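Notes follow the structure.
All of the numbers you see were taken from the coordinates with simple rules; none came from a lab. All of these numbers come straight from a predicted model, not from anything done at the bench. Don't worry about glycine lacking a Cβ; one is built from the backbone with ideal geometry, like all the others, and counts go over all protein chains shown.
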Amino acid sequence: MGTQTLETTTSREPVSARGFERSQIVQVTHAGRVPYADAISWQQRRAAAVAAGSAPEVVVLLEHDPVYSQGRRGGREHVLRPLSAPVIDTDRGGDITFHGPGQLVVWPILRVRERQIGIASYVRGLEKAVRLTVEQFGIAAEAVPGRPGLWIGERKLASVGVRIQGGVSRHGLALNCDVDLAWFDDIRACGIEGASATSLSIEASRHISVEACAPMLAASFSDVFGLRLSMARWRGGD
């Protein structure tokens, strides 16, 4: 899958914040693999447009080239050795984690304030959407109080880190499908001592791809938050 640039179409109908508030229809876009820095820049612009009422809400499903993202919680104290991929500082919650091929990243850009979704409920909803998805592969994972994400014992299967600004959500979740777990060896993922990363493929003892997970996770997200997802046209280039 080639690297792509992000650009989604917007609705041709007149838009307003109040109209989006009433609507349960949200766009969903499958972006493919997008460099993290490009994706974050696009995310910020789109979230600002959603907050201003000039673009519809959207759920973006994508992968990244290898990169480490650092949340607001810490500095570089959880980097254990020299890294083979760049570190990008972000304004999401949480600490450092890895993103790369084989990991499904989901960014819901939603008007959560007008939908009356509190941040704690939103995070729990993201975790539930992942749990419902992995159950379909025969995997039992759970949310752990004080440890955002989804866990199987001390093994972290999915990360959750969000930012709410202007009443609009950014960032979201990352589910390890068939990612190379060696990338996590150079960090203390999410700043948790003794924790390790795992993947759906490892836990299920069979290959489970991002492509297999993406529609299932989108459907689980839709069910958890009571939304109807409508496929948005996508324009991208190599």
Note, residue 88: beta-carbon cut-off 12 Å, +1 each Lys/Arg, -1 each Asp/Glu, net -3
Beta bridge orientation in region 20-231: antiparallel %, DSSP, nearest 5 | 65
From the C-alpha gyration tensor of region 79-144, pull out the three semi-axes of the equivalent ellipsoid (sqrt of 5λ each), sorted largest to smallest, in whole Å.
-> 25, 19, 11
Estimated vicinal HN-Hα couplings, Hz - region 117-131 in sequence order (Karplus 6.51, -1.76, 1.60; Gly, Pro = x) | 10, x, 5, 5, 5, 5, 4, 4, x, 4, 4, 5, 4, 5, 4
Once phi is turned into ³J(HN,Hα) by the Karplus curve 6.51 cos²θ - 1.76 cosθ + 1.60 with θ = phi - 60°, what whole-Hz value does each residue of region 56-67 show in order, with x for glycine and proline?
-> x, 4, 8, 10, 9, 10, 7, 10, 10, 5, x, 6
Around residue 67, with a cut-off of 12 angstrom between Cβ atoms, what is the net charge of the other residues, counting Lys and Arg +1 and Asp and Glu -1?
-> -3
A correct Karplus calculation of ³J(HN,Hα) over region 169-179, with 6.51 cos²θ - 1.76 cosθ + 1.60, θ = phi - 60°, whole Hz and x for Gly and Pro, returns 7, 9, 6, x, 9, 9, 10, 6, 8, 9, 5
Distribution of pairwise C-alpha distances over region 20-231, 10 Å bins, in % = 8, 38, 39, 14, 1
